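The values are calculated or read from the model by the stated rules, or taken from the named source; none is laboratory data. Keep in mind it's a predicted model, so treat the numbers as computed, not measured. Here the Cβ positions follow ideal geometry from the backbone for every residue, glycine too, while neighbour counts run over all protein chains shown. Quick note on the areas: whole protein, heavy atoms, side chains included, nothing else; ligands and nucleic acids left out. Shrake-Rupley method; radii C 1.70, N 1.55, O 1.52, S 1.80 Å.
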Amino acid sequence: MLASSHVSSGAQDVKVSQAQRYRTMAVTTRLTWKEEKSLQQLLGNVSLRLLYKSRVHGDSPENMLRKCALQGSTITVIYFHNSQQDCILGYLTVIDYDFIKPKVFFYSSFEKDETSKTKAACLNTTQKITDEELAFYSSDNKIFSVIPKNSRLFIHDVLRERLGLNLYGNFKYSEWEVFRLEGIKDVAGYVRKRTRATERRNELLEDLRAYKPYADLVSEIRILLLGPVGSGKSSFFNSVKSVFQGHVTRQAAVGADLTSITELYRVYPIKDGEDGKSLSFMLCDSMGLDEKKGAGLCLDDIPYILKGCIPDRYQFSPHKPVTPSHPTFITSLSLKERIHCVAYVLDINSISNLSSNMVAKLKQVHKEVLNCGIAHVALLTKVNNYDEVLQDDLLNMNKSMTSKTQVMNIQRMLNIPISNILMVENYASELTLNPLKDVLILSVLKQMLRAADDFLQDLP
């Protein structure tokens, strides 16, 4: 009896020591740095504070409820794995809740493929709570899951049905963690807007992929980007290409030098995906305008650019404008080589500081554009509050933005209709795409193509 009692006491000591070790060990998340950054961006650049880790605090839902109740908005991350890959699932609740009626706004999945890229799938869902059940509706208003009100289980059926992940089969459960979201006031509003932005981005992508110039007069629209040095012309091309490629790219060289980084005239086709077909529009990048005499793009080159006389990769010279005697000068002109829309690219933060020389150059360029009858828009870049530019429906520009001083200054300077003064925030130092930014980039591109169609329709 004494020996048996001693053994029992020893086993208890071992259990106590293990529990103490778990309580005192440093609790760190299983998320990689890249996965954590992806989640933070998905939820509005929030901070994630680890509240609960099942491998440390136990798998009991009751323990999690006691530790995480009334902590505000949280996200529960569930880890699964099989022999080929790991899978991470996110389950978001966005209220100070009592864990009886949680509001679930979306589910997301992150999988590591063979290239170790992180992929996200986000559901656009709303919730309808009755006395008997919690029903989730998809965007087409069809019920895809009904959950008993008092259920405290994780909803794998929904994840399998909506994200195509069969977690009951090959995948094995590893552990789960609960994080508190910090640093954002309206997580629900942000998630809802971001989800809507993802849908709107996909709609715009489909529209632009299917776009054909008016009456098939040309096979591809040519949009010329003109503006001062450092205004973001090349960055806009990089941003457009990034959205269609599905990841951030930087094909065109950009920089913050006082002199133009772009010295070649470039005609960039836009492809749908890495190996996709070329779409029905091109972006033409030119040397930047400089306020100093004898620097930047030579104004004598402008008429030849507009008429399509200058070939791709032509080397600009501020002191020596192109002439018809140049060996690469294009003499056999047709409508397809011409510029169909000009975008005046301007840094929105520098408009009020433009020198009189720069304003005079812009007006001279605009006069040439008008003489050629070419469609034109103004593109204001480096808009910090880009998420406020469009209304909540992501279709029209906010009236508060159209009344900004910078917009009115451009309208008076170049006599451009306010409807043709567009705003955008290019991709600069980001490593991943943002659907809100994508919507703005694609929206201004679509507006440029509409302007180009007006030009084609007005041809004699």
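In this structure, the residue pairs whose Cα-Cα separation is over 30 Å, taken from K193/K233; K277/K363; K193/K336; K233/K404; K212/K320; K271/K363, are K277/K363; K193/K336; K212/K320; K271/K363.
Packing-based ranking of 225-233, 277-285 yields 225-233, 277-285, ordered from highest to lowest mean Cβ neighbour count within 10 Å. Of the solvent-accessible surface of segment 227-369, computed with a 1.4 Å probe and all protein chains present, 50% belongs to carbon and sulfur. Calculated accessible area for segment 277-319 comes out at 39 Å² per residue, all protein chains present (probe 1.4 Å; ligands, DNA, RNA ignored).
Shown here for segment 358-460: trypsin sites (Lys or Arg not before Pro) in loop regions (DSSP other than H, G, I, E, B) with at most 13 other Cβ atoms within 10 Å, of which there are none. Overall dimensions of segment 240-328, expressed as equivalent-ellipsoid semi-axes from the Cα gyration tensor (√(5λ), whole Å, largest first), are 27, 17, 9.
In terms of overall dimensions, segment 374-413 has a Cα radius of gyration and Dmax of 11.2, 33 angstrom. Reported to the nearest whole Å, the Cα centre-to-centre distance from segment 288-343 to segment 223-253 is 20.
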